[in-house]
Amino acid sequence: MNVAHAEFVVSNTKAESCPKTKMPEYAFIGRSNVGKSSLINMLCNKKKLAKTSSRPGKTQLINHFLINKQWYLVDLPGYGYARASKTKKKTFQKFVVDYFIKRKELVSAFLLIDIRHEPQPIDLDFLRWLGENFIPFSIVFTKADKIKEKEIETKINNYLGVLKADWESLPHHFVTSSEKRLGREPLLNYIQQINQKIEKH
Ligand code: GTP
Ligand code: MG
(Lines give C-alpha, C1' and ligand atoms only; values in the text may rest on other atoms or scores of the structure.)
(Ligands and ions follow the chains in the order given, each with its own letter.)
Protein backbone atom coordinates (compact mmCIF):
# COMPACT_ATOMS: atom_id res chain seq x y z
CA MET A 1 0.00 0.00 0.00
CA ASN A 2 1.17 3.47 -0.80
CA VAL A 3 0.97 6.02 2.02
CA ALA A 4 0.33 9.14 0.00
CA HIS A 5 -0.95 11.23 2.84
CA ALA A 6 -0.37 11.14 6.61
CA GLU A 7 -1.39 13.84 9.03
CA PHE A 8 -1.64 14.30 12.77
CA VAL A 9 -5.25 14.83 13.82
CA VAL A 10 -5.66 14.97 17.60
CA SER A 11 -4.18 13.95 20.96
CA ASN A 12 -6.22 13.19 24.03
CA THR A 13 -6.66 11.01 27.09
CA LYS A 14 -10.25 9.98 26.53
CA ALA A 15 -11.69 7.30 24.27
CA GLU A 16 -14.82 9.48 24.04
CA SER A 17 -12.83 12.38 22.56
CA CYS A 18 -11.20 10.35 19.78
CA PRO A 19 -12.25 11.22 16.20
CA LYS A 20 -15.91 10.54 15.46
CA THR A 21 -15.34 9.72 11.80
CA LYS A 22 -15.90 5.94 12.06
CA MET A 23 -12.84 5.04 10.00
CA PRO A 24 -10.91 1.88 10.89
CA GLU A 25 -7.93 2.33 13.17
CA TYR A 26 -4.84 0.39 14.22
CA ALA A 27 -3.13 1.06 17.53
CA PHE A 28 0.51 0.59 18.48
CA ILE A 29 1.18 -0.53 22.01
CA GLY A 30 4.13 -1.96 23.93
CA ARG A 31 6.81 -1.04 26.43
CA SER A 32 8.13 2.49 26.52
CA ASN A 33 11.04 2.90 24.12
CA VAL A 34 10.20 -0.23 22.08
CA GLY A 35 9.84 1.94 18.97
CA LYS A 36 6.09 2.58 18.50
CA SER A 37 6.37 6.18 17.38
CA SER A 38 9.41 5.45 15.19
CA LEU A 39 7.52 2.66 13.45
CA ILE A 40 4.59 4.97 12.68
CA ASN A 41 7.02 7.47 11.16
CA MET A 42 8.70 4.75 9.12
CA LEU A 43 5.36 3.46 7.80
CA CYS A 44 4.33 6.99 6.86
CA ASN A 45 7.70 8.06 5.43
CA LYS A 46 7.65 11.08 7.73
CA LYS A 47 10.48 11.37 10.23
CA LYS A 48 8.76 13.83 12.52
CA LEU A 49 5.11 12.84 12.33
CA ALA A 50 5.06 11.10 15.74
CA LYS A 51 7.40 12.37 18.45
CA THR A 52 10.21 9.98 19.32
CA SER A 53 12.96 10.03 21.93
CA SER A 54 15.83 7.91 23.13
CA ARG A 55 14.41 8.40 26.63
CA PRO A 56 11.40 6.24 27.53
CA GLY A 57 8.06 7.87 28.32
CA LYS A 58 7.94 10.24 25.34
CA THR A 59 4.43 9.51 24.08
CA GLN A 60 1.98 10.45 26.83
CA LEU A 61 -1.34 10.68 25.01
CA ILE A 62 -3.57 8.85 22.55
CA ASN A 63 -2.47 10.27 19.18
CA HIS A 64 -4.50 9.82 16.01
CA PHE A 65 -2.81 10.03 12.60
CA LEU A 66 -5.05 9.99 9.53
CA ILE A 67 -3.65 7.94 6.65
CA ASN A 68 -4.70 8.51 3.03
CA LYS A 69 -7.77 10.23 4.50
CA GLN A 70 -9.25 6.76 5.04
CA TRP A 71 -7.93 5.13 8.19
CA TYR A 72 -5.99 5.93 11.36
CA LEU A 73 -2.77 4.85 12.97
CA VAL A 74 -2.87 5.41 16.72
CA ASP A 75 0.26 6.03 18.76
CA LEU A 76 -0.16 5.22 22.44
CA PRO A 77 1.98 5.77 25.54
CA GLY A 78 4.18 2.83 26.44
CA TYR A 79 3.94 0.76 29.59
CA GLY A 80 6.63 -0.48 31.94
CA TYR A 81 8.46 2.81 32.28
CA ALA A 82 10.16 2.20 35.62
CA ARG A 83 10.76 5.84 36.46
CA ALA A 84 7.19 7.05 35.92
CA SER A 85 5.45 8.10 39.12
CA LYS A 86 2.78 5.83 40.62
CA THR A 87 0.05 8.33 39.79
CA LYS A 88 1.22 8.49 36.19
CA LYS A 89 1.32 4.72 35.88
CA LYS A 90 -2.24 4.53 37.18
CA THR A 91 -3.48 7.25 34.80
CA PHE A 92 -1.75 5.46 31.96
CA GLN A 93 -3.40 2.20 32.76
CA LYS A 94 -6.81 3.71 33.09
CA PHE A 95 -6.98 5.71 29.89
CA VAL A 96 -5.20 3.21 27.69
CA VAL A 97 -7.29 0.34 29.04
CA ASP A 98 -10.38 2.51 28.51
CA TYR A 99 -9.31 3.21 24.94
CA PHE A 100 -8.93 -0.50 24.15
CA ILE A 101 -12.25 -1.41 25.71
CA LYS A 102 -14.39 1.44 24.45
CA ARG A 103 -12.98 2.29 21.05
CA LYS A 104 -15.27 0.59 18.54
CA GLU A 105 -13.22 1.79 15.56
CA LEU A 106 -10.16 -0.12 16.77
CA VAL A 107 -9.80 -2.94 14.25
CA SER A 108 -6.56 -4.40 15.51
CA ALA A 109 -3.70 -3.66 17.85
CA PHE A 110 -0.03 -4.13 17.11
CA LEU A 111 1.89 -5.22 20.18
CA LEU A 112 5.52 -4.23 19.74
CA ILE A 113 8.31 -6.36 21.18
CA ASP A 114 12.01 -5.50 21.10
CA ILE A 115 13.47 -8.48 19.23
CA ARG A 116 16.58 -8.52 21.42
CA HIS A 117 14.78 -9.32 24.65
CA GLU A 118 13.57 -12.56 26.14
CA PRO A 119 9.77 -12.68 26.66
CA GLN A 120 8.87 -10.33 29.53
CA PRO A 121 5.95 -10.92 31.93
CA ILE A 122 4.61 -7.40 31.34
CA ASP A 123 4.18 -8.08 27.59
CA LEU A 124 2.85 -11.60 28.08
CA ASP A 125 0.32 -10.24 30.60
CA PHE A 126 -0.78 -7.52 28.21
CA LEU A 127 -1.19 -10.04 25.37
CA ARG A 128 -3.30 -12.20 27.65
CA TRP A 129 -5.39 -9.18 28.59
CA LEU A 130 -5.99 -8.35 24.91
CA GLY A 131 -7.09 -11.94 24.32
CA GLU A 132 -9.41 -11.98 27.32
CA ASN A 133 -11.03 -8.80 26.06
CA PHE A 134 -11.36 -10.11 22.49
CA ILE A 135 -9.18 -7.38 21.07
CA PRO A 136 -7.50 -8.61 17.87
CA PHE A 137 -3.76 -8.12 17.75
CA SER A 138 -0.58 -8.94 15.88
CA ILE A 139 2.96 -8.95 17.19
CA VAL A 140 5.58 -6.65 15.73
CA PHE A 141 9.19 -7.40 16.55
CA THR A 142 11.17 -4.14 16.48
CA LYS A 143 14.81 -3.06 16.19
CA ALA A 144 15.80 -6.05 14.03
CA ASP A 145 18.87 -4.05 12.93
CA LYS A 146 20.26 -4.45 16.45
CA ILE A 147 20.89 -8.19 16.08
CA LYS A 148 22.62 -10.30 13.44
CA GLU A 149 20.39 -11.36 10.59
CA LYS A 150 20.88 -15.05 11.32
CA GLU A 151 19.75 -14.55 14.93
CA ILE A 152 16.38 -13.13 13.90
CA GLU A 153 14.70 -16.46 13.25
CA THR A 154 16.00 -18.01 16.47
CA LYS A 155 14.72 -15.07 18.52
CA ILE A 156 11.29 -15.21 16.91
CA ASN A 157 10.95 -18.97 17.28
CA ASN A 158 11.94 -18.66 20.90
CA TYR A 159 9.28 -15.99 21.48
CA LEU A 160 6.56 -17.86 19.65
CA GLY A 161 7.51 -21.00 21.56
CA VAL A 162 6.77 -19.22 24.82
CA LEU A 163 3.45 -17.93 23.45
CA LYS A 164 2.41 -21.47 22.55
CA ALA A 165 2.05 -22.18 26.26
CA ASP A 166 -0.76 -19.60 26.42
CA TRP A 167 -2.35 -19.58 22.99
CA GLU A 168 -4.04 -22.23 20.89
CA SER A 169 -3.13 -20.48 17.68
CA LEU A 170 -0.24 -18.09 17.29
CA PRO A 171 -0.83 -14.48 16.31
CA HIS A 172 0.35 -12.97 13.06
CA HIS A 173 3.82 -11.50 13.45
CA PHE A 174 6.05 -9.02 11.66
CA VAL A 175 9.77 -8.30 11.83
CA THR A 176 10.67 -4.64 11.55
CA SER A 177 13.45 -2.12 11.78
CA SER A 178 12.54 1.54 11.58
CA GLU A 179 16.22 2.28 11.20
CA LYS A 180 16.63 0.02 8.15
CA ARG A 181 13.02 0.42 6.96
CA LEU A 182 12.47 -3.31 7.26
CA GLY A 183 8.98 -4.83 7.38
CA ARG A 184 7.17 -1.80 6.00
CA GLU A 185 5.44 -3.46 3.02
CA PRO A 186 4.18 -6.58 4.86
CA LEU A 187 2.69 -4.45 7.63
CA LEU A 188 1.02 -1.96 5.30
CA ASN A 189 -0.29 -4.75 3.07
CA TYR A 190 -1.75 -6.50 6.07
CA ILE A 191 -3.59 -3.33 7.06
CA GLN A 192 -4.75 -2.83 3.49
CA GLN A 193 -6.20 -6.33 3.34
CA ILE A 194 -8.20 -5.76 6.50
CA ASN A 195 -9.38 -2.36 5.27
CA GLN A 196 -10.58 -3.93 2.02
CA LYS A 197 -12.50 -6.62 3.91
CA ILE A 198 -14.17 -3.94 6.03
CA GLU A 199 -15.11 -1.90 2.95
CA LYS A 200 -16.83 -4.90 1.36
CA HIS A 201 -19.10 -5.42 4.36
P1 GTP B 1 7.45 5.84 24.24
O2 GTP B 1 6.75 6.89 23.46
O3 GTP B 1 8.33 6.38 25.28
O4 GTP B 1 6.54 4.78 24.75
O5 GTP B 1 8.51 5.08 23.22
P6 GTP B 1 8.26 4.52 21.77
O7 GTP B 1 7.89 3.08 21.87
O8 GTP B 1 7.36 5.39 20.97
O9 GTP B 1 9.75 4.56 21.15
P10 GTP B 1 10.38 5.61 20.11
O11 GTP B 1 9.80 5.40 18.76
O12 GTP B 1 10.32 6.98 20.69
O13 GTP B 1 11.88 5.06 20.04
C14 GTP B 1 12.68 4.91 21.19
C15 GTP B 1 14.15 4.87 20.79
O16 GTP B 1 14.42 3.69 20.02
C17 GTP B 1 14.57 6.04 19.89
O18 GTP B 1 15.89 6.42 20.27
C19 GTP B 1 14.56 5.46 18.51
O20 GTP B 1 15.46 6.09 17.61
C21 GTP B 1 14.99 4.04 18.78
N22 GTP B 1 14.46 3.12 17.76
C23 GTP B 1 13.19 2.96 17.41
N24 GTP B 1 13.05 2.02 16.44
C25 GTP B 1 14.30 1.59 16.17
C26 GTP B 1 14.84 0.63 15.26
O27 GTP B 1 14.15 -0.02 14.48
N28 GTP B 1 16.20 0.45 15.28
C29 GTP B 1 17.01 1.14 16.12
N30 GTP B 1 18.32 0.88 16.08
N31 GTP B 1 16.55 2.06 16.98
C32 GTP B 1 15.21 2.28 17.01
MG1 MG C 1 6.21 6.98 21.52
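For Ala6, the residues 5 or more places off, or on other chains, whose built amide H falls under 5 Å of its own are Asn68. Counting only DSSP beta bridges whose two residues both lie in region 1-84, roughly 70 percent are antiparallel. Taking the chain as a Gaussian network, Cα atoms linked when under 10 Å apart, which of Ile147, Ile67, Ile40 shows the biggest mean-square fluctuation? Result for the chain, Cα springs under 10 Å: Ile147 fluctuates most. When a/c is below 1.5 the answer is rounded, else prolate if a/b is larger than b/c, else oblate, so apply that to region 1-117 with a ≥ b ≥ c taken from the square roots of the Cα gyration tensor eigenvalues. Taking the square roots of the gyration eigenvalues as a ≥ b ≥ c, region 1-117 is oblate. On full extension, the segment bounded by Arg181 and Ser54 gains 43.9 nm, given 0.36 nm per residue less the C-alpha separation.
Rounded to whole numbers, the Karplus 3J(HN,Hα) couplings from phi for region 159-165 are 5, 5, x, 5, 5, 4, 5 Hz, using 6.51 cos²θ - 1.76 cosθ + 1.60 with θ = phi - 60°, and x at Gly and Pro. In plain terms, the chain from Gln192 to Leu61 could stretch by 44.6 nm, reckoned as 0.36 nm per residue minus the Cα-Cα distance. Here the accessible area of region 117-168 is 51 percent carbon and sulfur, with a 1.4 angstrom probe and all protein chains present.
Each label was represented as a point 7 Å from its Cα along the Cα-to-Cβ direction; for Gln70 and Glu199 these points are 0.4 nm apart. Calculated accessible area for region 12-200 comes out at 55 Å² per residue, all protein chains present (probe 1.4 Å; ligands, DNA, RNA ignored). I need the shape label for the chain. Rule: rounded when a/c is under 1.5, else prolate if a/b > b/c, else oblate, with a, b, c from the alpha carbon gyration tensor. It comes out rounded by the Cα gyration axes. Of the trypsin sites (Lys or Arg not before Pro) found in region 55-126, those in coil by DSSP whose Cβ has at most 13 other Cβ atoms within 10 Å are Lys69, Arg83, Lys104, Arg116.
Between Asn2 and Leu160, residue separation times 0.36 nm minus the direct Cα-Cα distance comes to 53.9 nm. Taking a ≥ b ≥ c as the square roots of the eigenvalues of the Cα gyration tensor of region 59-165, is the shape rounded (a/c under 1.5), prolate (a/b larger than b/c) or oblate? Prolate, because a/c is 1.5 or more and a/b exceeds b/c. Using θ = phi - 60° in the Karplus curve 6.51 cos²θ - 1.76 cosθ + 1.60, the 3J(HN,Hα) couplings for region 64-74 round to 9, 10, 8, 10, 6, 6, 10, 8, 10, 9, 10 Hz; x is entered for Gly and Pro. Annotation: peptides 72-78, 16-22, ranked by per-residue average of other Cβ atoms within 10 Å with the highest first, follow the order 72-78, 16-22. The DSSP beta bridges internal to the chain are antiparallel in roughly 40% of cases. Under 19 Å of direct C-alpha separation, and excluding same-chain neighbours fewer than eight residues apart, Lys48 reaches these aspartates and glutamates: Glu7, Asp75, Glu179. For the cross-link pairs Lys150/Lys180; Lys20/Lys94; Lys94/Lys146; Lys14/Lys90; Lys86/Lys180; Lys14/Lys88, the ones whose C-alpha atoms lie over 26 Å apart are Lys94/Lys146; Lys86/Lys180.
The values are calculated or read from the model by the stated rules, or taken from the named source; none is laboratory data. Just so we're clear, the structure is a prediction, and the values are computed from it rather than from any experiment. Virtual Cβ from ideal backbone geometry, glycine too; neighbours counted across all protein chains shown. Calculation scope for accessible area: heavy atoms of the full protein, side chains included, ligands and nucleic acids excluded. Shrake-Rupley method; radii C 1.70, N 1.55, O 1.52, S 1.80 Å.
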